[in-house]
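This report concerns only the one structure given below.
All of the numbers you see were taken from the coordinates with simple rules; none came from a lab. Every value quoted in this text rests on a predicted model; they were computed, and no experiment measured them. Ideal geometry is used to build each Cβ from the backbone, glycine not excepted, and the neighbour counts take in all protein chains shown.
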Amino acid sequence: MGETFDLVIRASRVITGGAETACDIGVSGGRIAVIGARGALAGPAGPAGLLDIEDDAVVLPGLVDSHVHVCEPGNTEWEGFASATRAAAAGGITTLADMPLDSVPATVSTRALDIKRRAARGQCAVDVGFWGGVIPGNAGELAPMHEAGVVGFKCFLADSGSDDFPPVGSRQLTAALRVLRRLDTPLLVHAESAEAAAAITHHGGRGYADYLAAHPRGLENLAIAQVIEAARATGGQAHIVHLSSSDALPMIASARREGVRLTAETCPHYLALTAEEIADGATAAKCSPPIREAANRELLWAGLRDKILDLVVSDHSPCTATMKELSTGDFGVAWGGISSLQLSLPVVWTEARRRGFSLADVARWMAERPARLAGLAGKGRIAPGCDADFCLLAPDESFAVDAGRLHHRHPVTPYDGRTLTGVVRGTLLRGRPVDLERPRGRLLTRAAG
Ligand SMILES: [Zn+2]
């Protein structure tokens, strides 16, 4: 091979093609040009042209987190593009897709999408795509938002917690899936049943058991059944976000066997935390659907092993410490959402390795499959033609989480003080190390990848 590259990455452990291998990666113009045998490729002369990775580190594709609530504009005091993308980069994530709610305006029109893009521009340390929202009354905006480059759409079947992002009913769900099928883009669904939830009262307070009892698995099971039938009837592509109820796994598997276009994700917190260990008043762990029992957690891991669950994404849903009611510990009043963007990889890896999974599994769940969901063809894999986005991970090294030292805007996370395995040593975006002070992330569109 006589060709020279802008950069050659030489490593004994690279996750590519679903396995771990020793190789050289030749990078040209910000993309992966070729993957060659270790020692076979030549970079430009001088130390800058060759990145020789230590043997105790693994080169993963830059992770893709398709479920992040950035909250800017409008609620930038909760998070924001600068802090969220810095946290992402520090956590090995090189692409994130921002959810359409928790910002003002919510991303439910092309006008709102423009406003969000303007807010993000120039601030992002990693690449960012945007989901569009489906709410009652915005059917006419779906095709224009798709044209404008949203990576897909999201709706709620239950109260979202935001007045400007109301849930859709079953007729609207079916109608949206029909439109999105024509556009060949997915509909992400927050699947909890509004009807069933309306029949349950939660009186608030510090007790986690009471909060959990008010959010039974049935709320998810019922809503997921509804999504399955809507996807079956329309031929549309549906995706279940943040699955917590393991009861729903057999339903999802059977629908898929029957040809329903359905995928599902779960999140680090459902895979790492358990209801039994959440102390009363520990509202940092409040989310919806809730974290369930240890037995449920093991069944979610089985769902990953059986490939019923396709991806693991953070559902980073930040807020201020005040909103989390850390002083009162009241699960009724506290904001529902977990902050974990920067910690997703070590949280998942710590639990995954314990159960015999490999880093190739982690890369599939946290890079390849989320990129595919968001239609980002050039992301999530170490393969010729893909962007040269990498996460350098020391998989055997441990650290203690100090919430105050994370790049998240607020030092609120249920992982504070925990010891996790897997230290992110560096992140490369299009062939260059991410510099947190000089953001050069791009705003991505589904079409352009
Ligand atoms: Zn979410």
Given just the C-alpha atoms of segment 213-369, how large is their convex hull per residue in cubic angstrom? 116 Å³
Can you give the translational diffusion coefficient of segment 140-253 in µm²/s, computed by Stokes-Einstein from the Kirkwood radius over Cα pairs at 10 °C and 1.306 mPa s? 105 µm²/s
What is the distance in Å between the Cα centres of segment 167-212 and segment 335-354? 24 Å
Kirkwood estimate for segment 29-114, i.e. one over the average of 1/r between Cα atoms, Å: 16.1 Å
Over the Cα atoms of segment 5-54, each weighted equally, I'd like the Debye log10 I(q)/I(0) at q = 0.30, 0.33 Å⁻¹, rounded to two decimals. -1.18, -1.30
For Ala321 and Phe399, calculate 0.36 nm times their separation in residues minus their Cα-Cα distance, and state this gained length in nm to one decimal. 25.7 nm
Tail weight of P(r) past 14 Å, computed on alpha-carbon pairs of segment 185-238, percent: 60 percent
Viscosity 1.002 mPa s, temperature 20 °C: what is the translational diffusion coefficient of the chain from Stokes-Einstein with a Kirkwood Rh over Cα pairs, rounded to a whole number of µm²/s? 98 µm²/s
Ignoring GluC sites (Glu not before Pro) that are buried or in helix or strand per DSSP, and keeping those with at most 12 other beta carbon atoms within 10 Å, what is the longest stretch of the chain between them? 55-257
Taking other Cβ within 10 Å of each residue's Cβ, how do Asp402, Asp310 sort, fewest first? Asp402, Asp310
Quotient of Cα radius of gyration and Kirkwood radius for segment 302-449, i.e. Rg/Rh, equals 0.98
Might you report the magnitude of the Cβ-based charge dipole of the chain about its Cα centre, with Lys and Arg at +1 and Asp and Glu at -1, to the nearest 20 debye? 1160 debye
For segment 74-178, the percent of all C-alpha pairs falling in each 10 Å bin, from 0 up to the bin holding the max distance, is 15, 46, 30, 9, 0
Expressed as an acute angle from 0 to 90° and rounded to the nearest 10, what is the orientation of the C-alpha long axis of helix 344-354 relative to the principal long axis of the chain? 90 degrees
How big is segment 330-378 along each principal axis, measuring the range of its Cα positions in Å and listing the largest first? 41, 31, 15
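Sum -39500 (n - 2.57) across every DSSP H segment of at least 4 residues in the chain, then divide by the residue count to get the 222 nm mean residue ellipticity, nearest 500.
Only helices count here, giving -7500 deg cm²/dmol.
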Please compute the Cα-Cα pair-distance distribution of segment 116-207 with 10 Å bins starting at 0, giving whole percents from short to long. 14, 40, 28, 15, 4
